[in-house]
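Colleague: Have a look at the structure that comes next, please.
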Amino acid sequence: MAGIELDCPTQAFIAGEWRAADNKQVFDVSDPATGEVIASVADCTASDAQAAVDAADGAQPAWAAMPAAARSAVLRRWRDLMVEEADRLADILTRENGKPLAEARGEILYGASYFEWFAEEAKRIYGETIPSPASDKRILVIRQPVGVCAAITPWNFPNAMLARKVAAALAAGCTMVAKPAEDTPLSALAMAELAERAGLPAGVFNVLPTTAPAEVGEVLTTSDKVRKVTFTGSTNTGRILMRQATGTIKKVSMELGGNAPFIVFEDADLEKAAEGLMASKFRNAGQTCVCANRVFVQADVMDRFAEIVRKKVAALKVAPGLEGGSQIGPLINAQAVSKVETLVRSAAEAGACIVEGGTRHAAGELFYQPTVLSNVSHEMEIAREEIFGPVVPLIAFDTEEDAILRANDTDYGLAAYAFTKDLGRAFRVSEALEYGMVAINDGALSNAAAPFGGVKQSGLGREGSSHGLDDYLELKYILLGGLGA
Ligand code: NAP
């Protein structure tokens, strides 16, 4: 391993211990802004995964039996440590993922907000009593933890995507084995270190960095001991994991890909709509599941809106995430850059106009210029695929019905956005859009108090809000009979 000293563990975290992989192998993690190797991390395989599952299974009964207030207190301490250490965690995150430091810090605080939220929710896992059809019987319903959970998370929010899962699972009384993405394992390991300092009992949370996702994933999805699989990532991988989980009838939660429509009606405040678009589109250089992917603009206001957006996009600062003022960092890896390049090229060949950007950026190999395309049609590949890069495709539409029809014409259903000043239209459009989340006159919709998740092929289940606990709990019906005089 070369270079920079990172203040971050690099071994696997299993049963409360920092361990080398069984086979002693390691893999390099590099900074996408520079290509420099920043750490060598334990490369876990099936035997490590089995050890982690066994540890989580062993820790499960005591963790579930711990009073909710005590579980809550550990989560709260973990949250406080994340906030105290936000600068260090953000530095690690930027180095492995590339996003601007200010965004990375924002992600740490956003991740911490889930710990705060679920530390509180842990104390509110209420049951119910139901009027019985017989006078000598009573019906009670209690909510109990599902058991050992496996979490598989992506590289685009290496802290927050895991935070949303582990905070909810542990609040519910479940234990967890986490497999972070190969490109960004360090943020998960840094979280585990804070868990240890927060006093989390050994085995309750385990982290398996690996370059063998299929091998480790197979253990996690087929083990009898794992009762639930929670995944955030692409729809294709989600399908594989769901298939694997059927053998042992596990619960599954899937936070999958998106193809978010962003609709600008002629009555919208165009300046605010453009600001909303910038917030939705350019976070993490366009690599978020809720990024505006298709920007539908009513034909009458297209030229004005396109010009406002073009000016804002041209002013974005593209630079390594650690450089002051950076707004757009590198993409995660070479495949990501060539995917964006191909989508832009094929759109241009099919008749789209490049209004701004349109090529790689001189800041480094993995940087792509913030780009605006006009004259895009709904049929082009760039409007059918998740772009996952800093590209705004502008598509003109005529009527409200037309916008809704086209917005819904996709297998995805995660987030959608619409800008309008007409209250009636705001309701009609929100209700007609086949999406798990709809933002009206806003470009940023995610927070711990709200249920995050998709419909159609964007997923199953919700994270955050009081509903976020449901996926980690089972209902148990208890009948009390023989109560007659
Ligand atoms: P991905 O390729 O599906 O990877 C996600 C995770 O799955 C990584 O940890 C990956 O490991 C692992 N993985 C891949 N193949 C696997 C297998 N056969 N068995 C077990 N694990 C496997 O997705 P990505 O490209 O990293 O992430 C971007 C995708 O995530 C986008 O589609 C985005 O929309 C989606 N996303 C959704 C949400 C949401 O909340 N709905 C949030 C963020 C991102 P490796 O990294 O080692 O390959």
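The values are calculated or read from the model by the stated rules, or taken from the named source; none is laboratory data. Just so it is clear, the model here is predicted, and its values are computed rather than measured. Counting neighbours? That spans all protein chains shown, and the Cβs are built from the backbone with ideal geometry, glycine included. What goes into the accessible areas is simple: the full protein's heavy atoms, side chains included, and nothing from ligands, DNA or RNA. Shrake-Rupley method; radii C 1.70, N 1.55, O 1.52, S 1.80 Å.
Colleague: Can you run down the residue pairs with Cβ atoms below 7 Å, 6 or more apart or on separate chains, where the first is in region 208-222 and without any contact (Cβ under 8 Å) to a residue 60 or more places away in the chain and the partner is open to solvent by 20 Å² or more (accessible area, probe 1.4 Å) and assigned to a helix (DSSP H, G or I)?
Modeller: Close Cβ pairs satisfying both conditions: T222/Q244; T222/G247; T222/T248.
Colleague: Sticking with this one: Does T94 meet the test of being of a type in the set (V, I, T), assigned by TED's automatic domain parsing to the domain that holds M191 and open to solvent by less than 40 Å² (accessible area, probe 1.4 Å)?
Modeller: Against the criterion (of a type in the set (V, I, T), assigned by TED's automatic domain parsing to the domain that holds M191 and open to solvent by less than 40 Å² (accessible area, probe 1.4 Å)), T94 qualifies.
Colleague: Looking at this structure, is Q244 open to solvent by 10 Å² or more (accessible area, probe 1.4 Å), within 15 Å of the ligand (Cβ to nearest atom), in a helix (DSSP H, G or I) and over 30 Å from P145 (Cα atoms)?
Modeller: no
Colleague: Looking at the structure I just gave you, is T230 within 15 Å of G147 (Cα to Cα) and either open to solvent by less than 10 Å² (accessible area, probe 1.4 Å) or near the ligand (Cβ under 7 Å from one of its atoms) (or both)?
Modeller: yes
Colleague: Would you mind listing the helices (runs of 4 or more DSSP H) fully within region 125-223 where at least 3 residues are more than 12 Å from the ligand (Cβ to nearest atom) and assigned by TED's automatic domain parsing to the domain that holds M82?
Modeller: By residue number, 160-172, 186-198.
Results for (1) within 17 Å of the chain's Cα centre (by Cα); (2) surrounded by fewer than 24 Cβ atoms within 10 Å (Cβ to Cβ); (3) of a type in the set (G, A, S), shown as yes or no for each residue.
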residue	(1), (2), (3)
D183	yes, yes, no
S187	yes, no, yes
L200	no, yes, no
T211	no, yes, no
V216	no, no, no
L220	no, no, no
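Colleague: Suppose we filter T175, T211, T184 for residues that are closer than 24 Å to R105 by Cβ and of a type in the set (S, T, N, Q); which single one remains?
Modeller: Only one candidate qualifies: T184.
Colleague: Could you list, in sequence order, the residues of region 423-444 that are in a loop (DSSP other than H, G, I, E, B) and either buried (at least 17 other Cβ atoms within 10 Å of the Cβ) or without any contact (Cβ under 8 Å) to a residue 40 or more places away in the chain (or both)?
Modeller: L433, E434, Y435, G436, G443
Colleague: Could you pull out every one of the strands (runs of 3 or more DSSP E) wholly within region 340-422 that has 1 or more residues that are among the hydrophobic types (A, V, I, L, M, F, W, C) and open to solvent by less than 10 Å² (accessible area, probe 1.4 Å)?
Modeller: The strands (runs of 3 or more DSSP E) meeting that bar are 371-374, 391-397, 415-419.
Colleague: Within region 260-306, take every residue that is more than 16 Å from the ligand (Cβ to nearest atom) and in a strand (DSSP E or B) and give me the one that is nearest to W155 (Cα to Cα).
Modeller: V295
Colleague: Does region 370-391 hold any residues that are within 16 Å of the ligand (Cβ to nearest atom) and either of a type in the set (D, E, K, R) or more than 18 Å from Y412 (Cα to Cα) (or both), and which are they?
Modeller: Once the filter is applied, which keeps residues that are within 16 Å of the ligand (Cβ to nearest atom) and either of a type in the set (D, E, K, R) or more than 18 Å from Y412 (Cα to Cα) (or both), region 370-391 yields E381, R384, E385, E386, P390, V391.
Colleague: If we scan region 99-117, do we find a residue that is modelled with pLDDT of 95 or more and part of a loop (DSSP other than H, G, I, E, B)?
Modeller: yes
Colleague: Where the second residue is in a strand (DSSP E or B) and open to solvent by less than 50 Å² (accessible area, probe 1.4 Å) and the first is under 12 Å from A52 (Cα atoms) and lies in region 14-25, which pairs have Cβ atoms under 6 Å and are six or more apart or on separate chains?
Modeller: Short answer, once both residue conditions are applied: I14/N206; R19/A12; A21/A42.
Colleague: Considering each of A68, A64 in turn, give the residue that is more than 24 Å from T222 (Cα to Cα) and in contact (Cβ under 8 Å) with a residue 12 or more places away in the chain.
Modeller: Of A68, A64, the one residue that is more than 24 Å from T222 (Cα to Cα) and in contact (Cβ under 8 Å) with a residue 12 or more places away in the chain is A68.
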